[in-house]
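Take a look at the structure below.
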Amino acid sequence: MTGKMIRTFHPVGQGAFYTERFYDDVLGKPVFTAVYDCGSVNDRQLKKAIDQTFGENDIINLLFVSHFHNDHINKIEYLKKRCQVRYIVIPELTSGLVLDSLVHDFIQSDGSEWNNDSLQFLSSCINASYNDGGDIRVVSVDVSGEGSEERQIIDLDSDGLIGQSVLRDTEIRFRDWIYVPYYVGDKYDELIAEFEANGFVFNLNLRSVGFLKEICEEIRKIGVDILKRIYGKVYRNNHNSYSMPVYSGFSHCCKEAYQCFVVCPRRKHGDLHCQTNCLYTGDYDARTQANFDNLKAYYSRYWNRIGLVQVPHHGSEHNSDHKLYSHPDKLAIMSFGSKNRYGHPDSKTIDEIVSAGSVPIAVTEYGWTELRFEYRL
């Protein structure tokens, strides 16, 4: 295919909405689309971004969900109604993950209930047994997947199909482009144990009738103050420690991204660093040494190719480390609301990016901060 890919970091405020659209020069229209997350505290701004990006019944081939917190998923139901979504790729859905997500969002809302669209999306993932009842297939990334020398390859360009779940060592491929999700789970057992130690026992059977409603009612009864104490004991300052990163880039590329300015024909004049291959991180905890080491090891065959990094958790100091931006002139994209109540991005995160020789770039709710990259294919 002769054409281009346009990657956009959309200005949706405190949230995340990133798209990659592949165009065929002959057809003059998109032939493949991938989306990473679709949520924001600024509901109106995100809806506007969706409407400007997609027409009615546009096809979205892959929708990756980093995690189930409200500011990353609350407009997925709207996206599903507007577009034809083929595959939704999510972290392995467990009762512990659901409990964590519901408790987190209830605390964040200070007990003012949950976002209905977020609950509806979570419910559809639970109740549909990984099949959303129509043309959409919900695919779970298996936390128990083992790494291997040869990754499993799913070729969507050759009518390949994705099953109900995939191992972590999987490349999802469209022509010369690949997507590689990575997920390792989190402290769900510890969170459940802490609730039980405080006398709160939940029915954690995902397939039980009324599971989601029952869990919400139990969480509501406990109250925000007790929830904060229990949740804080398990997660301390980092309330966003689980997330599913996705690598997006060419299947065949230079081994070292900083060499691309010499040899890569895709490089635009003036680039000092290859900005083709991207690591989306959601709210991944890259601050913890073990988490960073595991992330780098898993993506070892791609690591030095990465020229764009989505800064974890809107630039929070609790999720980012300078080692994530270790190659000079890497671009570090921070999505946040300009008036968010969390102080994102943290000045320590910006200092780490700059000290590593990389470039921090802000994407907020303002349209002029939209970041768009175009690559020839």
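The values are calculated or read from the model by the stated rules, or taken from the named source; none is laboratory data. What you see is a predicted model; the values in this text were computed from it and never measured. FYI the Cβ positions are ideal-geometry reconstructions off the backbone, even for glycines, and counts take in every protein chain you see. To get the accessible areas, we keep the full protein, side chains included, count just its heavy atoms, and leave off ligands, DNA and RNA. Shrake-Rupley method; radii C 1.70, N 1.55, O 1.52, S 1.80 Å.
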Filtering the range 314-330 for residues that are open to solvent by 20 Å² or more (accessible area, probe 1.4 Å) and not in a helix (DSSP H, G or I) leaves a count of 6
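Report those strands (runs of 3 or more DSSP E) wholly inside the range 29-141 carrying at least 2 residues which are over 28 Å from ILE192 (Cα atoms), open to solvent by 10 Å² or more (accessible area, probe 1.4 Å) and at pLDDT below 95. Spell out the reasoning first.
Details: elements: 29-40, 59-64, 84-91.
Result: 29-40, 84-91.
Restricting attention to the range 339-377, report how many residues are polar (S, T, N, Q) and surrounded by fewer than 14 Cβ atoms within 10 Å (Cβ to Cβ). Give the steps one after another, and end with the answer.
Within the range 339-377, the subset polar (S, T, N, Q) is 340, 347, 349, 355, 358, 364, 369.
Next, from what is left, pick out any that are surrounded by fewer than 14 Cβ atoms within 10 Å (Cβ to Cβ): 347, 355.
Residues flagged as polar (S, T, N, Q) and surrounded by fewer than 14 Cβ atoms within 10 Å (Cβ to Cβ) within the range 339-377 amount to 2.
Given THR19, THR94, THR8, THR53, which one is farther than 30 Å from GLU214 by Cβ and over 15 Å from the mean Cα position of the chain (by Cα)? Show your work before the answer.
Values: THR19 fails: over 15 Å from the mean Cα position of the chain (by Cα); THR94 fails: farther than 30 Å from GLU214 by Cβ; THR8 fails: over 15 Å from the mean Cα position of the chain (by Cα).
Going through THR19, THR94, THR8, THR53 in turn, just one is farther than 30 Å from GLU214 by Cβ and over 15 Å from the mean Cα position of the chain (by Cα): THR53.
Which count do you get for residues in the range 152-173 that are within 14 Å of ASP142 (Cα to Cα), part of a loop (DSSP other than H, G, I, E, B) and open to solvent by less than 50 Å² (accessible area, probe 1.4 Å)? Give the steps one after another, and end with the answer.
We begin by selecting, within the range 152-173, every residue within 14 Å of ASP142 (Cα to Cα); these are 152, 162-171.
The next check asks that each one be part of a loop (DSSP other than H, G, I, E, B); those that pass are 162-164, 168-169.
Still in the list and also open to solvent by less than 50 Å² (accessible area, probe 1.4 Å): 162-163, 168-169.
Count: 4.
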Subset of the range 183-194, residues in contact (Cβ under 8 Å) with a residue 60 or more places away in the chain and over 23 Å from the mean Cα position of the chain (by Cα), comes to ILE192
Contact list, first residue from the range 78-105 and farther than 19 Å from TYR182 by Cα, second anywhere and open to solvent by less than 30 Å² (accessible area, probe 1.4 Å) and among the polar types (S, T, N, Q), beta-carbon distance below 6 Å, six or more apart or interchain, is ARG86/ASN61
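Starting from residues that are in a loop (DSSP other than H, G, I, E, B) and open to solvent by 20 Å² or more (accessible area, probe 1.4 Å), keep the ones in the range 174-195 and report whichever is modelled with the lowest pLDDT.
So, considering only residues that are in a loop (DSSP other than H, G, I, E, B) and open to solvent by 20 Å² or more (accessible area, probe 1.4 Å), the one modelled with the lowest pLDDT is ASP186.
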Restricting the range 261-314 to residues that are basic (Lys, Arg) and over 20 Å from ASP176 (Cα atoms), the one modelled with the highest pLDDT turns out to be LYS296
The residue that is most open to solvent (accessible area, probe 1.4 Å), considering only those in the range 288-313 that are among the aromatic types (Phe, Trp, Tyr) and closer than 27 Å to TYR235 by Cβ, is TYR298
